[in-house]
Amino acid sequence: MLTIILNSNKMNMKKRISLLLPVIFATLFVVSCITPFEPKGVDSIDNMLVIEGDIIANDTTIVTVSYSQSLSNTKTISYVTNATVWVESETGTKYTATAATRDGHRIYKINTLTLDVTKKYKLCVTLNSGNRIESDMMSVQITPPIDSVGYKVNMDVPNVTFYVNTHGTESSSKYYKWSYNEDWEFHSKFLSNVYYNRVTNTYDYLPSWSDNRYYCWNKASSTKIIVASTENFAENRIHQKELVSMGHDDIRISYVYSMELIQQSLTKEGYQYWENIRKISDDIGGIFAPQPSEIKGNLKSINTEDQTIIGYISASTVNKKRIFAYGQLIGVYDVPQTCETVVINPDNPGNPKLLWDDGYDIVSWSFPPDETIWAPVACVDCRKTGTKKKPSFWPTSDI
């Protein structure tokens, strides 16, 4: 096993609790081997208010407000678009959110970059109905720096696992939470400098190198809950906490992979909340699955007791670190052998229009002898699974 540590220099990935709730409660309904367990006070998992977003004292606070859905509901998440959201300090100072759109849904952004970390804060949300929801008033947890982000290669599987190392003082929080944003560069199987015009049934060369369909990028954010505690350790130190693993066919590690890791300190109560959610979502419940009382958050309705509210709001600073990992050095990725080519020439005539309609794209064209080579479009045009927009921080000079 090979271990490599990468030392290099926005928000937390908000878990889609609206989608996770049906799994949580469906699991709780069937954990008993004698009779179904029915959580008290939960008549329906539909239409619960879900509030996500931590108060980030040295960055922008991002909040989403939505309603949970039943197991049978296959529609998109029902986001609340007209809420009033703000962070309020213990002295009454308010930091009001502005509405924005991200990935097609409503978010609320609050400038909390310069909050006084010696004060306490709470998150407040007022719905259009007039119902007001507040979190507990909380002290700001100071998050220690990330020591390093690295990876381990296991050629027996084969795969690569990225991990984090960090530590805090004995007096600082012993509870940690991580999320990450990732970007990767990938290439199509074939570099084609020609294109096919189906309307005219003709071929031509690409106008310029910048029009190539070979170099592309893609991005994503973490989707799982990653938490850890050093409460029972001799030191307040996290060693090689696993973040994500990728197999030999994962295109993210084919060329250049970048991770921006976000680290956040939690209170013990915050850690227990997220650990319970993690157990249910990762371990699919079981006889030791947390009960509904154990996943209770710290949000309450000021106006009514009828509204069930899901979510846990923390207040902390965050620390970030960006790393780059190169597929050639990782040495795990295998190019999939799924790009068989079709040749059309005088000795092997074919219909380009039919090939195009069947999902093929042109790889090369030579004249004479008027020969074209074709392959599945995903093997020729990287834009089918990515974009030509290179991140501004990218380390390579590819177009």
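Points to keep in mind about this one:
- Within the accessible area of the range 242-399 (1.4 Å probe), percent carbon and sulfur: 50 percent
- Listed by chain and number, the aspartates and glutamates whose alpha-carbon sits under 14 Å from that of K120, ignoring those within fewer than 8 places in the same chain, are D54, E88, E90, E134, D136.
- Full-stretch length increase - A100, D347 - with 0.36 nm per residue and alpha-carbon distance subtracted: 83.0 nm
- Protection proxy ranking of 218-229, 308-319 - average other beta-carbon atoms within 10 Å, highest first: 308-319, 218-229
- Compactness check for the range 132-275: Cα Rg over 2.2 N^0.38 Å is 1.53.
- Kirkwood Rh in Å, taken over the range 242-390 so that all alpha-carbon pairs contribute: 21.4 Å
- Average accessible area per residue (Å²) across the range 185-331 - probe 1.4 Å, nucleic acids and ligands excluded: 49 Å²
- Three-way shape label, the range 42-192, alpha-carbon gyration tensor, a/c 1.5: oblate
- All Cα-Cα separations within the range 138-213 were binned at 5 Å from zero, giving a P(r) of 3, 9, 12, 12, 10, 8, 8, 8, 8, 7, 6, 5, 3, 1, 0, each value a whole percent of the pairs.
- Length gained on full extension, L329 to T114: 73.4 nm, using 0.36 nm per residue less the C-alpha separation.
- Potential extension, T84-K224 segment - 0.36 nm per residue separation minus Cα distance: 47.5 nm
- By average C-beta atoms within 10 angstrom, highest first, the peptides 230-240, 388-398, 180-190, 245-255: 180-190, 245-255, 230-240, 388-398
- Pairs exceeding 22 Å between alpha-carbon atoms, taken from K177/K296; K224/K389; K109/K279; K94/K300; K224/K268; K94/K174: K224/K389; K109/K279; K94/K174.
- Per residue Cα convex hull volume in Å³ - calculated over the range 123-162: 160 Å³
- The range 213-270 shape via C-alpha gyration tensor axes, a/c threshold 1.5: prolate
- Relative packing of peptides 148-155, 60-67 - highest average C-beta neighbours within 10 Å first: 60-67, 148-155
The values are calculated or read from the model by the stated rules, or taken from the named source; none is laboratory data. Model, not experiment: these values are computed from the prediction. Using ideal geometry, Cβ is built from the backbone for each residue, glycine included, and neighbour counts are taken over all protein chains shown. For the accessible areas, the whole protein counts, side chains as well, though only heavy atoms, and no ligand, DNA or RNA atoms are used. Shrake-Rupley method; radii C 1.70, N 1.55, O 1.52, S 1.80 Å.
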